[in-house]
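Below is one structure; the comments refer to it alone.
Just so it is clear, none of the values below were taken in a lab; they were calculated from the coordinates. None of these values were measured; they are calculated from a predicted model. Note: ideal-geometry Cβ built from the backbone for every residue, glycine included; neighbour counts use all protein chains shown.
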Amino acid sequence: MIRLYLDIDGVLLTKRNTQSPDFGAEFIVFVTQYFDCYWLTTHCRGLAHTAVQYLASFYGVSTLQHLQAVKATMWETLKTEAIDFSTDFYWLEDAPFKSEQLALHKHGLTDRLLLVDLDLDKAFELRKHKMYLEELLTATE
């Protein structure tokens with residue numbers, strides 16, 4: 001199963017006037033159903049429930065139940081410290097540091113970073129990424 005690393009701010013929540021983006025709940029249901037999901041966010045450094053607790057103000061109970069499946073990660077400085085580069089993975093992130101991008105480049109995996117820009121198109125951004133992820137699943141069948 002493909003691993004999917006998930007950021008929260010700028011991916012599952014908008015950065016400005018913080019709220020769940022259009023299609024956020026549907027996206028969460030999809031990714032938790034078809035991917036092995038891991039938190040890669042400042043809201044989770046070892047404890048998955050802290051990320052879910054943070055999202056509880058923005059998503060309904062049924063969506064939060066799906067988020068219970070997302071596993072915790074540990075990292076100190078760079079989020080890429082938590083990525084297992086030996087696995088088949090993708091990372092949904094809105095603002096990776098240059099040093100994180102270099103870490104992906106060093107492993108020849110820059111294509112595994114899926115940049116999310118909710119400011120660009122809040123209504124379609126997660127739908128676009130869902131379609132891409134669906135294509136990945138079809139290609140691996």
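Numbers at a glance
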read-out	value
Total lysine pairs under 19 Å (Cα atoms) in region 1-130, excluding pairs fewer than 8 apart on one chain	8
Ranked PHE27, PHE85, criterion: other C-beta atoms within 10 Å, fewest first	PHE85, PHE27
Cα centre as origin, Lys/Arg/Asp/Glu Cβ charges: region 3-140 dipole, Debye	200 debye
Loop-located GluC sites (Glu not before Pro) in region 13-87 whose Cβ has at most 16 other Cβ within 10 Å (DSSP)	GLU76
